[in-house]
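The values are calculated or read from the model by the stated rules, or taken from the named source; none is laboratory data. All figures in this text were calculated on a predicted structure; none of them were measured in a lab. Cβ placement follows ideal geometry from the backbone for every residue including glycine, while neighbour counts extend to all protein chains displayed.
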Amino acid sequence: MLAAPSASRPRPRPAARHAAAAGPPDALLTVVVLALVSFGLVMVYSSSSATALLNEGNPMGMLLRQLAYALVGLGAYAVFARMSPAGLRRLGPPALAVAAVSLLLVLVPGFGMEVNGSRRWISLGALGQVQPSELAKLALALCREPARLRTPRGAAPFMLVAAGLAGLVLIEPDLGTAVVIAGLALTMLFVAGVPGRALGAVVGAAAALAAIAVMSADYRRERFLAFLDPWSDPGGSGFQAVQAQVALGAGGLTGRGLGEGVQKAFYLPEAHTDMILATVGEELGLIGVVAVLAGFALFALAGYRIALGARDLHQQVLAAGLTTLVIAQAVVNVGAVVGVLPMKGMPLPFVSFGGSNLIVLLACTGILVNIGRRSHAQRRRVAPAAAADAGGDRGGRDGRPRDAGVGGGRRAAGARG
């Protein structure tokens, strides 16, 4: 008698097997961000202790402030990680209104603080300062229902809002943040499904406006020319770029040692903020710089995996936009430090000293973790039902036993033989 063929188990799809093997991306994202924030606290202390001692009489002054910012940011992370999708949708319009009003107020004398020729901050007295352009990035990501972006009628208001925010930031002036806002908007349009021809036109217009902005201001034009050849004016427009290169070169492969850097104390401007990666390179060498870059690569991997696995278009666009927001800032900062992009005054996410940037980016991380957890929980709920359906369908497509002519016929023939 011939034995009946055994029913094979349904094989999971390759994407599902890969996701199961890699683990939930929200867990990876949390670990990476906590590691970057912790590393940033160490480097802020190392890069600022000498100047803080001279200016404030307390070498731990900036470290303590950065620690306070980190705690507030972690609180924002916890709140956003638990907020419902409906709550995130409702948050968009008021956040956009607050960001727009704040960007206007920062330009008003008496409200906005002027530092190094720029008006980017509003003083909160003993609580420190707030930078409205940081809030504007998050508000833009939350402000529009993505399904409406697919049509010209729906995309036009969003592009006007993005252009308005970028324009107000550019007036401060802050070209680097305006570029990041433009990158965020383009990412959201792309993921939402805007046709390629329309998206190309937007990219072309944005590039033309950026070129006009660079060439219309003397200091921006000087920065651009200094980027092309910083050593042509090492004591003037190329000073910061040259000192960053000197710091990176002095560190070599393994660095001078943590806390042993020289450039941060006497030569390198903004060693604890925009140029903190140069301090990392001098003290921890190429190994330290590569470790930081690996952290952002893992952030991108986890963030875009969350976007790909999101449950609906709104969460896909939001996750992709927030991931691009962090990675774009990292690219602009790293590019300026190593000399492949002009100087933009952009902090290194999670690592540089600064309250507004750190708090907003930790809030963005909380939203990403929120989306990742909900998507992962939904997959876990669906998987048992899918497995049960597959198990019940082994005998036939409708769950009933196979017809005797398939297996039974063979058994009958075997019995007759």
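Worth pointing out:
- Considering residues of segment 263-297 that are at pLDDT below 90 and surrounded by fewer than 21 Cβ atoms within 10 Å (Cβ to Cβ) only, the residue nearest to Met346 (Cα to Cα): Glu270
- Verdict on Gly257 being out of contact with any Phe, Trp or Tyr (no Cβ under 6 Å at 6 or more places or on another chain), assigned to a loop (DSSP other than H, G, I, E, B), at pLDDT 85 or above and of a type outside the set (Lys, Arg): yes
- Qualifying residues in segment 181-220 (those that are hydroxyl-bearing (Ser, Thr, Tyr) and exposed (fewer than 15 other Cβ atoms within 10 Å of the Cβ)) - the one nearest to Pro146 (Cα to Cα): Ser216
- Pairs are defined by a Cβ separation below 7 Å, a sequence spacing of at least 6 or placement on different chains, a first member in segment 61-73 that is of a type in the set (A, V, I, L, M, F, W, C), and a second member that is buried (at least 20 other Cβ atoms within 10 Å of the Cβ) and outside any helix (DSSP H, G or I); the pairs so defined are Met62/His272; Met62/Phe353.
- Whichever residue in segment 98-121 is touching a residue at least 12 places away in the same chain (Cβ under 8 Å) and assigned to a helix (DSSP H, G or I) and, among such residues, is farthest from His314 (Cα to Cα): Leu105
- Segment 311-333: number of residues that are closer than 20 Å to Leu362 by Cβ and either in contact with a His (Cβ under 9 Å, 6 or more places away or on another chain) or touching a residue at least 24 places away in the same chain (Cβ under 8 Å) (or both): 16
- Picking from residues in segment 122-131 that are closer than 20 Å to Leu96 by Cα and touching a residue at least 40 places away in the same chain (Cβ under 8 Å), the one that is surrounded by the fewest Cβ atoms within 10 Å (Cβ to Cβ) is Gln129.
- Gly112 being surrounded by 15 or more Cβ atoms within 10 Å (Cβ to Cβ), over 24 Å from the mean Cα position of the chain (by Cα), of a type outside the set (Lys, Arg) and farther than 17 Å from Ala166 by Cβ: yes
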